[in-house]
Amino acid sequence: AQSVAQPEDQVNVAEGNPLTVKCTYSVSGNPYLFWYVQYPNRGLQFLLKYITGDNLVKGSYGFEAEFNKSQTSFHLKKPSALVSDSALYFCAVRALNTGGFKTIFGAGTRLFVKA
Amino acid sequence: SQTIHQWPATLVQPVGSPLSLECTVEGTSNPNLYWYRQAAGRGLQLLFYSVGIGQISSEVPQNLSASRPQDRQFILSSKKLLLSDSGFYLCAWKGSGNIQYFGAGTRLSVL
C-alpha cells in the first residue's frame, strides 16, 4: 500500500540554525512528492514539489527538499531557521492507488524555532 | 487568479443538529474538489472528493455527506451531528502540477 511517514512529531531548532524535517515514502512506481505548511487555524499552503529532474528542489520561503530514491526519502531543509518558520509541516505523495491516483498526506511534524 | 472560499470560519453546534459547510472556488472551471478533516491539529483525513458536478466519492463511512450542486461549489453536510464530528474541516481544489490549494478551514465544535 502507498504510504508516507513523518517520523518526528516535533522538531525543535534555534533561530539561525539549519533545520531538517524528515519524510519517507513507500509507493510503487515514480512518486510525485510535496511539502505543505500550515500556520495555526489556517489551511495548508504549498511549499515545493518533486516530479522529476534535479533531486534538490527549491521552494518558497527559502525551503528546499532533497529527493533520495535509494532511501525513499524527501526531507525538507532550510539553511537558517526563522522564528516565523514555526508551523506544522506536511509531506505528501501522489501515487497510483486502487481507484486511481491519490494524494496521501503524512501525519505532520510540528516545527518550533526558538529565538 | 484562483481563490477558494470556505465558510463559516468557526461553528459551534449541539449534538443532533444539522450541518452545512460550503466551499466555493473562483477562477477555474471543473476543478477536482476535496473535503478533509483534521483532528487535534495533526494529520488530514480525506472525507470526500469530486471530479465533477454530482460526482462524489466517499473515502470513509461516516455521519457526513457531500454534494456538488454547481461546478465550483462543494458542500459538506450532516443530518445529525455527533460529538466525534468535531474538528477542523478543510476544503481544497487541485490545480496544475497536482498541487492542492486549501481554504482557510472551518473549526467545528459539537457540544
>> Considering only residues that are exposed (fewer than 14 other Cβ atoms within 10 Å of the Cβ), closer than 23 Å to B:TYR36 by Cα and more than 10 Å from every other protein chain (Cβ to nearest Cβ), which ones fall in the range A:62-115?
In response: A:THR98
>> Looking at B:ALA39, B:ALA66, B:ALA9, can you tell me which residue is under 13 Å from the mean Cα position of the chain (by Cα) and in contact (Cβ under 8 Å) with a residue 40 or more places away in the chain?
In response: B:ALA9
> In the range A:43-61, which residues are part of a loop (DSSP other than H, G, I, E, B) and either surrounded by 15 or more Cβ atoms within 10 Å (Cβ to Cβ) or small (Gly, Ala, Ser) (or both)?
Replying inline: A:GLY43, A:GLY53, A:GLY59
> Do you know which residues across the range A:43-61 are out of contact with any Leu (no Cβ under 9 Å at 6 or more places or on another chain) and either within 14 Å of chain B (Cβ to nearest Cβ) or modelled with pLDDT of 95 or more (or both)?
Replying inline: A:GLN45, A:PHE46, A:THR52, A:GLY53, A:LEU56
>> I'd like the full set of residues that are surrounded by fewer than 12 Cβ atoms within 10 Å (Cβ to Cβ), assigned to a helix (DSSP H, G or I) and more than 14 Å from chain A (Cβ to nearest Cβ), limited to the range B:52-111.
In response: B:LEU83, B:SER84
>> So, in the range A:41-71, how many residues would count as being among the polar types (S, T, N, Q) and touching a residue at least 24 places away in the same chain (Cβ under 8 Å)?
In response: 1
> Looking at this structure, is B:THR24 touching a residue at least 40 places away in the same chain (Cβ under 8 Å), hydroxyl-bearing (Ser, Thr, Tyr), in a strand (DSSP E or B) and crowded, with 16+ Cβ neighbours inside 10 Å?
Replying inline: yes
> Across the range A:12-42, what is the number of residues that are part of a strand (DSSP E or B), away from chain B (no Cβ under 12 Å) and under 16 Å from A:SER86 (Cα atoms)?
Replying inline: 6
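The values are calculated or read from the model by the stated rules, or taken from the named source; none is laboratory data. Computed from a predicted model, the values in this text were never measured in an experiment. So basically every Cβ, Gly included, is an ideal-geometry build from the backbone, and we count neighbours across all protein chains shown.
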